[in-house]
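Undergrad: Got a structure for you, questions after.
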Amino acid sequence: MNKYVVAAVVLAGIAFGSPAMAQTKPTIAVIVKDTTSLYWQTVLAGARNAGQDLGVNVVELGAQSESDVVGQIGILEKAVASHPAAIVIAPAQFAALGKPIDEAAKKAKVIGIDSAADTKAMTSLLATDNVNAGRIAADALALAITKSYADTEGDVAMITAMPGVPSLDQRAEGFKEVIAAKYRALNIAADKAADGKAPTVREIMKELIAEDRDLRGVFASDPIAAEAVAQAVSEKNTDDLINIVAVGSNENLVKLLQGDVIVGIVVEDPFRMGYDGVKTALAASKGEPVPANVDTGAILITKANSNSPRVQELLNPKVK
């Protein structure tokens, strides 16, 4: 785990149990899916920054893997038992987190970030409009195929690292919607879900490459899938070009973008998600009205616009 995250979690845990601290300012628990990834570290950095600006004691919590659903439920239960003013959570899995959030909301206001859950108990949900992110990816992939082949035809594949995650399902929905409406000569030949592990995605992609000689593009709905797909494409022995568009960002994906292995990444704004999550949670804890849904935005990054100031801000967030 990143040493800064370890320090933040340890310090937050001390503060969480401190009566003196609790008396001076409100405590808000922020529970992410995976404290080891840059994306979620950026969410926590935004939350931390909001805590400093708003006079809130922000407790940074989370499992060490997005697939550790049981671990996240345990963290949520412990956070509730510590009686925070409010809880901000990125649900690791739609169905499994529904009832735990229902129970948590009986004790504190619960603000969702990034992903929905099977509950109506969240006061507000701040997330990327993932359907729109999928739409952006579809347009980007179609354009890349057109540039590569001088037409917008052929097979494309959709690959996600993990099933049952609403944000990923919504991205797939948006992608399918645009392909069907605007690019009817593109055929979605495969729609695959792995088990949350990169090697599984890589094997899926290798099989698709071997089976479909007309495969011209892949939509990878998350960074795990994107890196594994890119690896499989880089290792293939044929000369045919397979364009890759992904949702998400990390250092490896940026390198793959600069190296022309990936043609586009649709990037979210995790810092804003964390910052506005705490801001919304504080307002809700005071009984102030807050919006039920907030779109935290997404933009397409290509090699051509990757050096712009706004893109650099998103690609190189300050997480310390």
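The values are calculated or read from the model by the stated rules, or taken from the named source; none is laboratory data. The structure displayed is predicted, hence computed values, not measured ones. We place every Cβ from the backbone using ideal geometry, glycine too, and count neighbours over all the protein chains shown. Just so you know, the surface numbers come from the protein's heavy atoms only, side chains and all, with ligands and any DNA or RNA stripped out. Shrake-Rupley method; radii C 1.70, N 1.55, O 1.52, S 1.80 Å.
Undergrad: Among the numbered conditions (1) surrounded by 14 or more Cβ atoms within 10 Å (Cβ to Cβ); (2) in a loop (DSSP other than H, G, I, E, B), tell me where Asn307 comes up short.
TA: (1)
Undergrad: So Thr36 ticks every box in (1) in a helix (DSSP H, G or I); (2) free of Cβ contacts under 8 Å to residues at least 40 places away in the same chain; (3) of a type in the set (Val, Ile, Thr); (4) within 21 Å of Tyr275 (Cα to Cα) but one. Which box is left unticked?
TA: (1)
Undergrad: Residue by residue through region 282-304, note down the ones that are in contact with a strand residue (DSSP E or B) (Cβ under 7 Å, 6 or more places away or on another chain), open to solvent by less than 40 Å² (accessible area, probe 1.4 Å) and outside any loop (DSSP other than H, G, I, E, B).
TA: Leu282, Ala284, Val294, Ala298, Ile301
Undergrad: Also, I was wondering about something else. What pairs come up if the first residue lies in region 108-123 and is within 11 Å of Thr280 (Cβ to Cβ) and part of a loop (DSSP other than H, G, I, E, B), the second is open to solvent by 30 Å² or more (accessible area, probe 1.4 Å) and of a type in the set (Val, Ile, Thr), and their beta carbons are under 8 Å apart, counting only those six or more places apart or on different chains?
TA: Pairs that qualify, where the first residue is within 11 Å of Thr280 (Cβ to Cβ) and part of a loop (DSSP other than H, G, I, E, B) and the partner is open to solvent by 30 Å² or more (accessible area, probe 1.4 Å) and of a type in the set (Val, Ile, Thr), are Thr123/Val290.
Undergrad: Now a separate question. Residue under question is Ile262, and the condition is that it be open to solvent by 50 Å² or more (accessible area, probe 1.4 Å), among the β-branched types (Val, Ile, Thr), within 20 Å of Asn130 (Cβ to Cβ) and under 21 Å from the mean Cα position of the chain (by Cα); does it hold?
TA: Criteria not met by Ile262.
Undergrad: Which one is nearest to Gln93 (Cα to Cα), of the residues in region 182-218 that are within 26 Å of the chain's Cα centre (by Cα) and among the small types (Gly, Ala, Ser)?
TA: Checking each candidate, the answer is Gly196.
Undergrad: Out of the residues in region 241-259 that are open to solvent by 50 Å² or more (accessible area, probe 1.4 Å), in contact (Cβ under 8 Å) with a residue 40 or more places away in the chain and not aliphatic (A, V, I, L, M), which is farthest from Arg213 (Cα to Cα)?
TA: Glu251
Undergrad: Take the residues in region 113-169 that are open to solvent by 50 Å² or more (accessible area, probe 1.4 Å) and farther than 21 Å from Val263 by Cβ, then tell me which one is modelled with the lowest pLDDT.
TA: Pro163
Undergrad: Oh, and also: Output the number of the condition that Val201 fails; it satisfies all remaining conditions of (1) open to solvent by less than 10 Å² (accessible area, probe 1.4 Å); (2) in a helix (DSSP H, G or I); (3) closer than 28 Å to Asn305 by Cα.
TA: Checking Val201 against (1) open to solvent by less than 10 Å² (accessible area, probe 1.4 Å); (2) in a helix (DSSP H, G or I); (3) closer than 28 Å to Asn305 by Cα, the one that fails is (3).
The rows are residues; the columns are (1) over 22 Å from Ala133 (Cβ atoms); (2) out of contact with any helix residue (DSSP H, G or I) (no Cβ under 6 Å at 6 or more places or on another chain).
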{"site": "Val156", "(1), (2)": "no, yes"}
{"site": "Gly164", "(1), (2)": "no, yes"}
{"site": "Gln170", "(1), (2)": "no, no"}
{"site": "Pro199", "(1), (2)": "yes, yes"}
{"site": "Met205", "(1), (2)": "no, no"}
{"site": "Leu208", "(1), (2)": "yes, yes"}
{"site": "Asp212", "(1), (2)": "yes, yes"}
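Undergrad: Please tell me if Asp269 is within 18 Å of Val30 (Cα to Cα), at pLDDT 95 or above and either hydrophobic (A, V, I, L, M, F, W, C) or open to solvent by 20 Å² or more (accessible area, probe 1.4 Å) (or both).
TA: Answer is no for this residue.
Undergrad: Let me ask you something else. Please go through (1) surrounded by fewer than 18 Cβ atoms within 10 Å (Cβ to Cβ); (2) modelled with pLDDT of 95 or more for Gln23 and return the number of the only condition it doesn't satisfy.
TA: (2)
Undergrad: Of the residues Leu208, Leu253, Leu241, which single one is over 25 Å from Gln312 (Cβ atoms) and not in a loop (DSSP other than H, G, I, E, B)?
TA: So the residue among Leu208, Leu253, Leu241 that is over 25 Å from Gln312 (Cβ atoms) and not in a loop (DSSP other than H, G, I, E, B) is Leu208.
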